Amino acid sequence: IWVTELDSDLVTPAPAKQRIWLESPDKRTHSEQFQQCILALFTDVHFTRVIVRPFGIRMAPPPRHLRKIVSIDHHIWFHQSVDPRRPILVDTECKQLGAGRGVVQSEMYAHDRRLVATVVQEGRVEIDPHVRLPSPKL
């Protein structure tokens, strides 16, 4: 899956929001169920990183003080079929952040502006307690 970020993955505190374009480099035709699996994989891998943006933590490469970031709960509602071979806009925001946990909500839009999926994910982040992080920018 190719990902093009509309706002960079900053190393300075930034709002817990992110807009990216997603497109599969695999141009073969797949079943609708397989296409949904591609989107599900993407959401599980990329959405929790929005939780750490307010602290200026970059995910690639991961800093040493980031002990772990895991998905706790993950829900996807597919509203319409979508072809991941075409660009998909993913608009993501961390709606709740505190005590090492964050709830991220995202809407996915097809290239023709149709809402094709809604995703909610809860993630857990552990950071070395000896590292002083900048104040979050929510």
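The values are calculated or read from the model by the stated rules, or taken from the named source; none is laboratory data. Remember, it's a predicted structure, so these values are computed and weren't measured experimentally. Note that we place each Cβ from the backbone using ideal geometry, even for glycine, and neighbour counts take in every protein chain shown.
Hey, any hits in the stretch 51-68 for a residue that's under 23 Å from Tyr109 (Cα atoms) and modelled with pLDDT of 80 or more? No: zero hits. Taken over the stretch 86-129, the criterion of being charged (D, E, K, R) and buried (at least 17 other Cβ atoms within 10 Å of the Cβ) is satisfied by Glu122 alone. The set of residues in the stretch 1-48 being within 13 Å of the chain's Cα centre (by Cα), at pLDDT 75 or above and among the aliphatic types (A, V, I, L, M) consists of Ala16, Ile20, Leu22, Leu39, Ala40, Leu41.
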